[in-house]
Amino acid sequence: MTALISVRDLTVSYPDHGARRLFGPVPRKTILHGVTLELPKGRITGIVGESGSGKSTLGRALVRLVRPDAGQIIWAGGDRPVDLAPLDEAQLKPLRQDLQMIFQDPMSSLNPRQKIWQLIAWPLRRYGLDASRAAACAALERVHLGAAFADRFAHQLSGGQRQRVGIARAIALNPQFILADEIVSGLDVSSQATVLTLLQDLARDMNLTVAFISHDLSVIRHLCDDLIVLNHGRIVESGPVAQIFDAPSAAETRKLIAAVPLPKPDAEWLT
Amino acid sequence: MSAPVLEISNLSVRLPNDLKVLNTVDLRVEPGEVRALVGESGAGKSMLGKAVLGILPAGLRQTGRITVLGQALDQLPASVRRREVARHVSLIPQDPLTALNPVRPIAAQMTDAMVRIHGWPRRKALARAADLLEQVHIRDVARVLKSYPHELSGGMRQRVLIAAAFATEPKLIVADEPTTALDATVQREILRIIRGLQQETGTTVLFVTHDMGVVAQISQRVTVLFGGRVVEHIDTEALFAGAGQGHAYSRALIRATPDWTRSDAPFAPVPPEVIADLMQEQTR
């Protein structure tokens with residue numbers, strides 16, 4: 001299996017304003033401590049961990065929303081491998097079309113006064129692609145929303161529909177990689193199932209490589225091929241999903257699995 | 001059978017534009033029962049909890065009857081009603097940060113209600129607060145009592161609120177999605193604490209949630225809501241037994257919840273025909 005993205009010894013830190021002194025530089029807090037992993041081409045890799053484990057920071061580093069302190073992020077989606085870690089924004093720009101992302105509430109960062117088709121067309125125009133209404137509607141069709149939604153506004157959509165617009169916006173660019181960060185956390189179980197089925201189908205049809213960040217292991221089990229478990233900024237376990245669920249080796253993994261309620265009443269679970 | 005702790009009959013709540021967020025709801029909860037109120041967003045489950053507590057948002061109109069311990073709340077003057085609700089009903093809120101006063105220490109916030117409702121001396125209230133904090137597995141009780149909300153983690157704040165909810169010895173507790181804002185690994189511990197205190201005190205709990213897994217583990221009976229109406233009241237065991245019991249919609253909600261114990265279950269949204277049937281059934 002070839003890796004689309006190979007991460008080696010990735011270290012990321014943020015300024016820690018809470019620990020700031022009156023004089024001197026702002027101290028930094030290390031979030032990821034030398035993480036090494038591979039995201040195999042055409043597979044969905046789940047990234048789990050408790051809050052504060054560094055899973056969102058890892059996701060943001062993969063699409064270079066944050067600049068790592070050290071380590072490499074080797075991108076194998078072009079003619080020859082490129083290390084994304086040291087690139088500046090100008091150097092990243094031609095690669096951005098291939099590195100798309102979807103967040104928990106895609107609409108919170110979007111212009112509420114733009115119509116749905118305009119929201120989808122905006123990034124198309126930015127990358128010099130066909131940004132017509134028809135192109136936007138084609139993307140909407142692919143997420144089963146249809147042209148009827150083109151002239152609506154974000155606030156007129158349900159949570160599940162908004163998330164499908166978020167997916168449409170990402171796939172319209174025909175990317176190789178999608179980062180999905182807690183994209184179903186705010187949704188009802190039924191719309192969650194709709195969005196995940198859609199993501200699964202699109203990933204297969206477009207041969208997408210997906211990093212799927214979630215705190216919900218029951219979702220991970222049915223969506224992902226591989227799994228990475230983070231704890232305090234370090235990988236404590238990784239491998240195929242089925243294998244990890246059958247025999248979790250790290251204590252942190254067992255703790256995360258044990259936290260998911262059993263699907264049927266069980267007198268032991270709360271004792 | 002003993003008198004119900006909570007009895008709701010023909011309850012409707014209307015928005016200013018006359019849209020009904022709750023529609024002719026009947027509900028009867030027996031003493032010592034943990035009743036789950038489950039539904040998708042917009043089903044009215046939180047609204048029902050708010051109606052019981054008498055804290056509906058301004059502008060909403062309520063009709064029908066809510067009876068707590070045999071007392072019809074809607075028949076009482078507002079001031080008496082507030083006092084009666086405060087004495088008998090507590091809330092465990094969803095967001096543990098906004099529910100606490102940021103400028104008062106935990107000790108003061110926990111004891112205020114006990115002093116006001118039961119007229120206990122401050123010292124007795126403080127001792128009870130400390131005792132309850134131990135029961136919700138807080139190790140450093142003295143420090144937590146002196147702390148301000150921002151000094152505690154989300155899980156700690158939720159424990160404080162659970163202790164505070166039980167502190168006034170209520171007969172009924174409304175738990176409004178108490179674990180939604182918390183980390184997944186904290187959820188089980190919080191549910192254990194609520195269940196433990198509930199069993200020890202025999203308090204009746206109305207547990208609002210959208211998570212069928214949580215329903216399965218914490219409740220004895222379930223009330224399923226859709227579009228502001230009751231779909232059904234059913235025993236939790238029966239609903240999850242998989243023997244065709246329960247409404248088609250409730251069973252679809254269970255199927256839509258991913259089952260992490262199996263590797264072969266695809267994602268299953270609630271089928272549109274189930275929704276269509278349900279809506280037709282409701283308008284009859």
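Computed quantities for the displayed model
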| item | result |
| --- | --- |
| Number of positions in region A:244-253 that are surrounded by 14 or more Cβ atoms within 10 Å (Cβ to Cβ), not aromatic (Phe, Trp, Tyr) and not in a loop (DSSP other than H, G, I, E, B) | 3 |
| Residue within region B:249-267 that is of a type in the set (Lys, Arg), more than 9 Å from chain A (Cβ to nearest Cβ) and in a helix (DSSP H, G or I) present | yes |
| Qualifying positions in region A:178-215 - without any contact (Cβ under 8 Å) to a residue 60 or more places away in the chain and either in a loop (DSSP other than H, G, I, E, B) or among the small types (Gly, Ala, Ser) (or both) | A:VAL184, A:LEU187, A:ASP188, A:SER190, A:SER191, A:ALA193 |
| Top-ranked residue of region B:155-184 - restricted to ones that are among the hydroxyl-bearing types (Ser, Thr, Tyr) and in contact with a helix residue (DSSP H, G or I) (Cβ under 6 Å, 6 or more places away or on another chain), ranked as surrounded by the fewest Cβ atoms within 10 Å (Cβ to Cβ) | B:THR168 |
| Residue list for region B:234-243, filter: in contact with a helix residue (DSSP H, G or I) (Cβ under 8 Å, 6 or more places away or on another chain) and of a type outside the set (A, V, I, L, M, F, W, C) | B:THR236 |
| Residues (over 16 Å from A:THR209 (Cα atoms) and modelled with pLDDT of 95 or more) located in region A:68-79 | A:PRO68, A:ASP69, A:ALA70, A:GLY71, A:GLN72 |
| Unique residue being touching a His at 6+ places or on another chain (Cβ under 8 Å), closer than 30 Å to A:ALA121 by Cα and within 14 Å of another protein chain (Cβ to nearest Cβ) when the list is A:VAL189, A:VAL184, A:VAL195 | A:VAL189 |
| Lone qualifier among A:ARG133, A:ARG162, A:ARG113, A:ARG152 - being crowded, with 17+ Cβ neighbours inside 10 Å and either over 21 Å from the mean Cα position of the chain (by Cα) or modelled with pLDDT under 95 (or both) | A:ARG162 |
| Members of region A:198-215 that are facing another protein chain (nearest Cβ under 10 Å), within 23 Å of A:ILE257 (Cβ to Cβ) and of a type outside the set (Gly, Ala, Ser) | A:LEU199, A:GLN200, A:HIS215 |
| Breaking point among (1) assigned to a helix (DSSP H, G or I); (2) polar (S, T, N, Q); (3) within 14 Å of chain A (Cβ to nearest Cβ); (4) buried (at least 20 other Cβ atoms within 10 Å of the Cβ), for B:GLN199 | (4) |
| Search result, residues across region A:171-195 that are among the hydrophobic types (A, V, I, L, M, F, W, C) and more than 24 Å from A:ALA3 (Cβ to Cβ) | A:ALA172, A:VAL184, A:LEU187, A:VAL189, A:ALA193, A:VAL195 |
| Meets criteria (assigned to a loop (DSSP other than H, G, I, E, B) and modelled with pLDDT under 95) for B:GLY213 | no |
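Results for (1) closer than 21 Å to B:THR204 by Cβ; (2) surrounded by fewer than 21 Cβ atoms within 10 Å (Cβ to Cβ); (3) among the β-branched types (Val, Ile, Thr), shown as yes or no for each residue.
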{"site": "B:ALA36", "(1), (2), (3)": "yes, no, no"}
{"site": "B:ALA58", "(1), (2), (3)": "no, yes, no"}
{"site": "B:GLY70", "(1), (2), (3)": "yes, yes, no"}
{"site": "B:ALA78", "(1), (2), (3)": "no, yes, no"}
{"site": "B:VAL89", "(1), (2), (3)": "yes, no, yes"}
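The values are calculated or read from the model by the stated rules, or taken from the named source; none is laboratory data. On a predicted model such as this, the values are computed, not experimentally measured, just so you know. Cβ coordinates were reconstructed from backbone atoms using ideal geometry, including for glycine residues, and neighbour counts include every protein chain displayed.
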